[in-house]
């Protein structure tokens, strides 16, 4: 007990004094022998719950949306233990339905356990969110891994195309994840189809890995499926100007061009990278999703979830389609 009191005193002095003590409470985990194994600081209180459709809503289907929104979020090793913390679980359950398709980076734990728990809660109100990971990821005993989470009411995925890239030379610390998607609503022959590449660049090797992504884009673009819309999304460990410079040879640009200034300790290096000439479906709307303002959080509370802010871009649902998708 004495060690716990000393630790709390140090945390209060170093982390902002009475502010930290007033905003957080200590969670103590003990082993079978009674000794303290872990102490974490949990933000007090829960997030506000956003209104969601209730089960038993009118059976009339809503009109097909004219746009879809693709988002990216680096989750700082989200696993079952972290998701069980109220501030983390509540935020993600409220956040996921705000967008049609998510590219998540840095998931942890036994795959895909935390995704199952997350979507079980998201879908309690009648939503239809699902996830897609590389089949080999399910066999891994621990993370980190990447995943797609998407709304089955607005999108469908060709599961045969969801895979991590082959990387025999070890060019990437985290191998990108690729999948082929199609918008629901329009006729299949008219629907927007696209390949999404989920990226997590290692900051320590950013220059090398960014350069390799240009070759990866070419390989995905010319893999024989005939799909010209290839979107790279994820953590690029780089600001938009740097992204545009690296991808200039393949005419890709960052759609989130002016990230909002982030408070200390938070990062806005995620982005959605497109070829504006090929992907005419991009509406020009994109941005950083300000979790602090949307959920009335303080930065310290948000850092319990992630040190990154999510980003998003919007696309029309109309283009050309391909058969063979999994509904």
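Listing for the model above:
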| quantity | calculated |
| --- | --- |
| Additional length obtainable on full extension of the chain from residue 113 to residue 214, 0.36 nm per residue less Cα span | 33.1 nm |
| Shape call, segment 63-215: gyration tensor on alpha carbons, a/c limit 1.5 | oblate |
| Ranked packing of 110-121, 274-285, 147-158, 172-183, most packed first, by mean Cβ within 10 Å | 172-183, 147-158, 110-121, 274-285 |
| C-alpha center-to-center spacing [segment 214-234, segment 69-89] in angstrom | 28 Å |
| Computed FRET value (nearest 0.05) for residue 160 with residue 207, which takes r as the C-beta separation and R₀ as 41 Å | 0.75 |
| Rough spin-label spacing in nm, given labels placed 7 Å along Cα→Cβ, for residue 225 and residue 290 | 3.6 nm |
| Cα-projected label distance for residue 77 with residue 244, points at 7 Å along beta-carbon direction, nm | 3.6 nm |
| Packing-based exposure ordering (other Cβ within 10 Å, fewest first) of 69, 293 | 293, 69 |
| Calculated P(r) tail over 30 Å for segment 67-316, as whole % of Cα pairs | 20 percent |
| Inter-probe distance in nm under a simple model that places probes 7 Å from Cα toward Cβ, at residue 276 and residue 139 | 4.4 nm |
| Cβ-derived FRET efficiency at R0 35 Å, residue 167 paired with residue 267, nearest 0.05 | 0.90 |
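Coordinate-derived values only; no laboratory data. Predicted model, so just to flag it, every value in this text is computed and none were measured. Here the Cβ is made from the backbone with ideal geometry for all residues, glycine too, and neighbour counts use every protein chain on show.
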